[in-house]
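Okay, so here's the structure we're looking at.
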Amino acid sequence: MFVVKAILTAILVIILGLLYGGIARKVTARVHRRYGPPFYQNFIDVLKLFSKRLPTSHGVMFELGPVMAFGGMLVSLMFLPVGRGNPLFTFEGDLFVLLYLIVVAPLGLALGAGQASNPNATIGIARGLTLMIGYEFVFFVSVLPIIKDMHTVNLFRIAMAQSGSLSSLNAVRYPFSFAAALISMHAMLGEKPFDQTVAPHEIASGPMVEYGGKFLGLLQLYHAIAIIVETGLVVTFFLGGFSMPVFFLLTFVLFIMAVIVNTVMPRFRIFQAVQFFFLLPLVLAVINIIINAG
Amino acid sequence: MMVNQGSILIFTTFILAGLLTYFLARVSKMSGRIGGALTGLFSIIFVYLFFHIYSLPGVQNLMFLLIGLVYVSSLFLLVSKETPPIQYLLFSGAAGSTFAFINGLDFITAFIFLELSTVFVFLSIVSGDRKKGGFLYLLFNGTGGLLFLYLLYFIYMKTGRFDYSAIAFLKPDEKILALTIGFLTFAIKMGTMPFHIWQPYAYRDADNGITVFLSGAISKIGVFGAFLMVFLQGSSFRISGNVYAYLGVITAVLAGLYALLQEDAKRLLAYSSLSQLGYVVIGLGLANSLSISGAILHAVSHGIFESLLFLVVGAVYIRTKTTDLNKLGGLITYMPISFIALLFGIIATSGIPPTIGFPSKWMLYHALVINGDPVLLSLTFLASILAFLYSFRLVYSIFLGPYTLKEKVGEAPFPALAGMVFFLLPLLILGLFPGLVLKFIELPVVRFGLPDFSFTPATLKTPLATVNFLTVGVVFIAWFVVAILVYAFAGRSRWLPVKNNYTAAEAIEDERILHYTGDFYRFIRRDMNFLLRHSIQRFYRRLFNLFGVIGDGISRIYTGDVRTYVYFILLFILIVLFKIKGGFPCLW
């Protein structure tokens, strides 16, 4: 029962993630006044990539990197409460467990791309890790008032405490923190102006540059799950307590908001991005901590 | 008044073992290696028998086990390379005095063996090629020893006793003074931030085997001593505790930042070691049962993963003769087992779940949330992001990327591999069952007993949440198996040489190595300069200059010239006359 539920959740999230990605491509195209690919294009891409024969490889870690990224994201998904009726492992799903599990996937991608030994890939990794100092830190500071007031770090309990009226939502109670968390979610998703890691025009899609075939397929699946986990983290903390369909709807809304911002933004230089995080979003998050303490 | 007999016995055993190895190594290299391994193993068995008979209380017990593990592994690294015979003797002495220190239950034993370990490590470092680290080590740790001597004197004058329980007879304010001095001593030993200068140099300049022991075991003298000071102080500690917690968090963040920018593997690890010990200081500073359990657990996990990392770097040095991160690269092809060991080491360093690094950090975070200081909590989190960054730099620059050396190298020597396995087993098992370690310290931390915190071998429960680490591990492994199955069913792949990759249609000659490794985090170096410019090292240099100026002033008094002294004598007579007359003499 337990295992079946876990597998079903994983499949559902992968399908939804790919769908979100496809719709995002459509939305981007419409903002650019193009027609754009069909919304199911990402499914076609994944099927095509997995059916490619003999993809190129540069070594063992190069092949295990995407596996580690995909597996790591699946593990993180298990510790995120997906909606109200469906607490998978959330009796133990603790904020710190999730925050530490989420970095397994980037680590896997970084190790794999590291063995490719393409300078583009490595520069992308160095940038991605540097950017992490900015967004991870800000996200953590923005959820501090919540865990302090609720006196728990159990994600399911945090989500459930917000159900009931609209005013009990954390987004309403901690508006500044919510703004900060949204900005850091934007960087977690790697949308412009925070797409220094991938930067297609500059470093040829960074860590992914050498990947093709089934490896790129695995990375696509990883990205699909990552969309839901990263937006879902914000939804759990700030808009939690709804049923599962509403949970997915909210993740979709947040993701499409990020995509729309992405279509009209240029890119920061890497350290400008980190500095930006230590100016505006951090100040927003700190304001809410001070209001909350006083 | 008496020095602990058991400590003397342990120390003597180790010195004899060291002497025996020394003479065997003088006879021939092979006999030295075999003799070193055997005498080392015998002395460790002796220690365990000894301590089994006397069955010491919790934390000492735990430290014995940990230091024993580190001792055996660093000995294995020593015997798997060309080690000068004298190093065996000095290493044995350092190990013996460490064990003896942990065993002692009075200040005088502690003092003697603290100083002995300092002396042995100092001699060991200065008998190598580079000596700067040795002298810095002696300067800082010698100062720490003097502080401890003062503590000993202070307590003896007030109570007339030397044992640890004499603290109870002090007045509250005397107690705080005494234990602050004691804490400072051990903060120097751990390298907490204003006293950290010696550590990167000493770790770099020491023999690789000794470095494993320095980081894994000698720093545990600091942890054990600091724990003892907190333990003896009890409830009155909480006043000064927050200061220590802040010192710890500053150490963790700044050392992590410095670690990013190092170009030498051993220096990077030295800073990472400092940063991880910063967490221990945070836990001790908060001084409640949860945080202290977390600190001790983190000390254990630090002993395991940091020693593992130093061991792998030592093994890489044996094969490549360098620890410069800019010169290494692509070793995964030739040293796959070392790569796996290093990979698990960095996973534990960054605190990622199925390894031992995670439960200890988890406990510290919960203690920090309960403590409720947002600055402390968020900076601690920042330090662990930095840990993730520098550990990736380490594994990437050594093992990934193109192969940069001229000739092929072999896998690490067998004893070194055995040492890695010794560390990997507890690293994984204790990550799933952290309660096994916490059992040792259940009794001593009860007296701090603030938050209501309980555990079973696999589960930890705090007021904030409950986590079953075994479940986390099982879920982790299960989904990785799924991912590997997806990967395996998707068909085979075609291996291409490393050079054959995307270069935007630019032709690359064979001699040119495309490798982005030097100055890896250059963005940080460039834009954080305002922060990194003000180092404590400069402060010490200014202090040094100040002493120079004072000395210059004094040398104007003692010139060695007779005329100056004549003037001084005249001046003296004038002052005396002035004093006798009681004011300016009246001439008219």
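Which entries in B:Lys131/B:Lys327; A:Lys148/A:Lys192; B:Lys266/B:Lys408; A:Lys214/B:Lys408; B:Lys189/B:Lys439 show an alpha-carbon gap greater than 28 Å? Walk me through the intermediate numbers first.
Working: B:Lys131/B:Lys327 23 Å; A:Lys148/A:Lys192 32 Å; B:Lys266/B:Lys408 23 Å; A:Lys214/B:Lys408 32 Å; B:Lys189/B:Lys439 26 Å.
From B:Lys131/B:Lys327; A:Lys148/A:Lys192; B:Lys266/B:Lys408; A:Lys214/B:Lys408; B:Lys189/B:Lys439, over 28 Å: A:Lys148/A:Lys192; A:Lys214/B:Lys408.
Determine by what factor the alpha-carbon radius of gyration of region B:43-149 differs from 2.2 N^0.38 Å, reporting the quotient. Don't skip to the end; give the middle numbers.
Details: Rg = 14.8 Å, N = 107, 2.2 N^0.38 = 13.0 Å.
The value comes to 1.14.
Where q = 0.19 Å⁻¹, what log10 of I(q)/I(0) comes from the Debye formula for region B:380-444, counting one point per Cα?
With no solvent term, the Cα-only Debye profile gives -1.06.
Where the Cα atoms of region B:535-581 are projected onto their three principal axes, how long is each span, largest first, in whole Å?
Taking max minus min along each principal axis of the Cα atoms, region B:535-581 gives 54, 26, 6 Å.
Taking the alpha-carbon set of the protein assembly as shown, what are its Rg and Dmax in Å?
Over the protein assembly as shown's Cα set, Rg and Dmax evaluate to 29.7, 119 Å.
How about region B:45-151: which chymotrypsin sites (Phe, Trp or Tyr not before Pro) there are in a DSSP loop, with at most 13 other Cβ atoms within 10 Å of their Cβ? The partial results should precede the final answer.
Numbers: sites: B:Phe46, B:Tyr48, B:Phe50, B:Phe51, B:Tyr54, B:Phe64, B:Tyr71, B:Phe76, B:Tyr88, B:Phe91, B:Phe99, B:Phe101, B:Phe107, B:Phe111, B:Phe113, B:Phe120, B:Phe122, B:Phe135, B:Tyr137, B:Phe140, B:Phe148, B:Tyr150; in loops: none.
Sparse-neighbourhood loop chymotrypsin sites (Phe, Trp or Tyr not before Pro): none present.
Determine the sum of side-chain charges near B:Ile108: Lys and Arg each +1, Asp and Glu each -1, restricted to other residues whose C-beta is under 15 angstrom from that of B:Ile108. Before the final figure, lay out each step's value.
Numbers: positive: B:Arg161; negative: B:Asp106, B:Glu115, B:Asp163.
Taking every other residue near B:Ile108 into account, the sum is -2.
Straight-line reach from B:Lys29: which aspartates and glutamates have a Cα under 19 Å away, not including same-chain ones fewer than 8 places off?
Within the straight-line cut-off, B:Lys29 pairs with B:Glu82, B:Asp207.
Percent of Cα-Cα pairs more than 21 Å apart in region B:282-348, please.
39
Averaged over its residues, how many other protein chain Cβ atoms are within 10 Å of peptide A:133-141's Cβ atoms?
Details: counts 10, 1, 1, 5, 6, 1, 1, 7, 6.
That average works out to 4.
Taking chain A as a Gaussian network, where each spring joins two C-alpha atoms under 10 Å apart, which residue of A:Thr263, A:Thr251, A:Thr56 fluctuates the most?
Ranking A:Thr263, A:Thr251, A:Thr56 by mean-square fluctuation puts A:Thr56 first.
Which ³J(HN,Hα) values, rounded to whole Hz and listed in residue order, are derived for region B:215-232 from phi using the Karplus coefficients 6.51, -1.76 and 1.60 in 6.51 cos²θ - 1.76 cosθ + 1.60 with θ = phi - 60°, glycine and proline given as x?
Along region B:215-232, the couplings run 6, x, 10, 5, 5, 6, 4, x, 5, 5, x, 5, 4, 4, 5, 5, 5, 5 Hz.
Across peptide A:108-116, what mean number of C-beta atoms from other chains lies inside 10 Å of a residue's C-beta?
Mean shielding by partner chains, rounded to a whole number: 5.
Around B:Asp264, which amide H atoms from residues at least 5 apart in sequence, or from another chain, sit under 5 Å from its own amide H, with H modelled in the peptide plane?
Counting only residues 5 or more places away or on other chains, the set is B:Leu325.
Give me the distance in nm between label points sitting 7 Å out from Cα along the Cα-to-Cβ direction at B:Gln537 and A:Met244, one decimal.
Output for this residue pair reads 5.7 nm.
Can you give me the Cα centroid spacing of region B:545-578 and region B:313-391 in angstrom?
Cα centroid of region B:545-578 versus Cα centroid of region B:313-391: 57 Å apart.
Could you compute the longest span of chain A free of trypsin sites (Lys or Arg not before Pro) located in DSSP loops and having at most 11 other Cβ atoms within 10 Å, not counting the site residues? Don't skip to the answer; put the middle values down first.
Values: sites that count: A:Arg33, A:Arg34, A:Arg53.
After excluding every exposed loop site, the longest remaining stretch is A:54-294.
Enter the mean number of other protein chain beta carbons within 10 Å of the beta carbon of each residue in A:48-60, as an integer. Kindly include the intermediate steps, with their values, before the conclusion.
Values: counts 0, 1, 4, 2, 3, 4, 5, 5, 6, 5, 10, 7, 5.
Across A:48-60, the average partner-chain Cβ count within 10 Å equals 4.
Which residues in region A:190-227 place their backbone N less than 14 Å from a point set 7 Å from the Cα of A:Ser51 along the Cα-to-Cβ direction?
A:214, by backbone N distance to the label point.
Rounded to the nearest percent, how much of the accessible area of region B:5-464 (1.4 Å probe, protein heavy atoms only) is carbon and sulfur? Kindly include the intermediate steps, with their values, before the conclusion.
Details: 10060 of 14050 Å².
That fraction is 72 percent.
What angle do you read, to the nearest 10 degrees and between 0 and 90, between the alpha-carbon axis of helix A:175-188 and the longest principal axis of chain A?
10
Rolling a 1.4 Å sphere over the protein heavy atoms, what is the accessible area per residue of region B:535-581, to the nearest Å²? Show your work: numbers first, answer last.
Working: 4460 Å² over 47 residues.
Counting only protein heavy atoms, the per-residue value for region B:535-581 is 95 Å².
Rounded to the nearest 100 Å², what's the accessible area chains B and A bury against each other, both chains counted, probe 1.4 Å?
What B and A bury together is about 6500 Å².
Express in nm, to one decimal, how much length is gained between B:Thr404 and B:Asp552 on full extension, taking 0.36 nm for each residue of separation and deducting their alpha carbon distance. Don't jump to the answer; show the numbers that get you there.
Numbers: separation 148, 0.36 × 148 = 53.28 nm, distance 5.17 nm.
That pair, B:Thr404 and B:Asp552, stretches by 48.1 nm at full extension.
For B:Ala206, enumerate residues with amide H under 5 Å from its amide H, sequence gap 5+ or separate chain, H modeled in the peptide plane.
HN-HN under 5 Å from B:Ala206: empty list.
Ordered by packing density, taken as the mean number of other Cβ atoms within 10 Å over each peptide's residues, highest first, how do B:339-349, B:551-561, A:234-244 rank?
On the way: B:339-349: 24.6, B:551-561: 9.1, A:234-244: 22.5.
Listed from highest to lowest mean packing, they are B:339-349, A:234-244, B:551-561.
Give the accessible surface of chain A per residue, rounded to a whole number of Å², with probe radius 1.4 Å and ligands, DNA and RNA excluded. Spell out each step's value before the answer.
Working: 10200 Å² over 294 residues.
Computed with neighbouring chains in place, this is 35 Å² per residue.
Calculated from DSSP H runs of 4 or more alone, at -39500 (n - 2.57) each and per residue, what is the 222 nm mean residue ellipticity of chain B, nearest 500? Kindly include the intermediate steps, with their values, before the conclusion.
Working: 24 runs with 419 residues, N = 588.
Computed ellipticity for chain B at 222 nm equals -24000 deg cm²/dmol.
Take region A:136-197, compute every pairwise Cα distance, and split them into 5 Å bins from 0; I just need the percent in each bin.
Each 5 Å bin holds this share of Cα pairs: 4, 17, 23, 24, 16, 9, 7, 2, 0.
If you bin every alpha carbon distance in region A:2-289 into 10 Å steps from zero, what whole percent lands in each bin?
Spelled out bin by bin, region A:2-289 gives 7, 28, 37, 23, 5, 0 percent.
Which residues in region B:25-45 have a backbone N closer than 14 Å to a point placed 7 Å from the Cα of B:Leu16 along the Cα-to-Cβ line?
Of the residues in region B:25-45, B:39-40, B:42-45 have backbone N under 14 Å from the label point off B:Leu16.
Given R₀ = 56 Å, what would the calculated FRET efficiency be for B:Arg494 paired with B:Ala168, taking r from the Cβ atoms and rounding to 0.05? Could you put the intermediate results ahead of the total?
On the way: r = 73 Å, r/R0 = 1.31.
For B:Arg494 and B:Ala168, the calculated efficiency is 0.15.
First compute the accessible area of region A:2-289 with a 1.4 Å probe, then give the percent of it belonging to carbon and sulfur atoms.
Numbers: 6730 of 9590 Å².
Here it works out to 70 percent.
Just to confirm a number: summing +1 for Lys and Arg and -1 for Asp and Glu over residues other than B:Thr251 whose beta-carbon lies under 15 angstrom from that of B:Thr251, what do you get?
Values: positive: B:Lys189; negative: B:Glu306.
Counting the neighbours of B:Thr251, the net charge comes to 0.
Enumerate the calculated ³J(HN,Hα) couplings along region A:51-67 in order (Karplus 6.51 cos²θ - 1.76 cosθ + 1.60, θ = phi - 60°), each rounded to whole Hz, writing x wherever the residue is Gly or Pro.
My calculation for region A:51-67 gives 8, 5, 9, 6, x, 6, 9, 10, x, 5, 5, 4, 7, 6, x, x, 4 Hz in order.
Could you list which residues have their amide H under 5 Å from that of B:Glu411, counting only those 5 or more apart in sequence or on another chain, with H placed in the peptide plane?
Amide H neighbours of B:Glu411: none.
Lys and Arg at +1, Asp and Glu at -1: add these up for the other residues within a Cβ distance under 13 Å of B:Leu66 and post the number. Please report the intermediate quantities before stating the final value.
Working: positive: B:Lys220; negative: B:Glu306.
Net of charged neighbours comes to 0.
Taking θ = phi - 60°, what integer Hz values does the Karplus form 6.51 cos²θ - 1.76 cosθ + 1.60 yield along region B:548-559, in sequence order, with x for Gly and Pro?
So the J values, rounded to whole Hz, are x, 5, 4, x, 4, x, 5, 5, 6, 7, 8, 7.
Kirkwood hydrodynamic radius (Cα pairs, Å) of chain B? Please report the intermediate quantities before stating the final value.
Details: mean 1/r = 0.0387 Å⁻¹.
One decimal place: 25.8 Å for the Kirkwood radius.
The values are calculated or read from the model by the stated rules, or taken from the named source; none is laboratory data. Model, not experiment: these values are computed from the prediction. When we count neighbours, we look across all protein chains shown, and the Cβ atoms used for this are built from the backbone with ideal geometry, even at glycine. When the accessible area is computed, the model is the full protein with side chains, heavy atoms only, and any ligands, DNA or RNA have been set aside. Shrake-Rupley method; radii C 1.70, N 1.55, O 1.52, S 1.80 Å.
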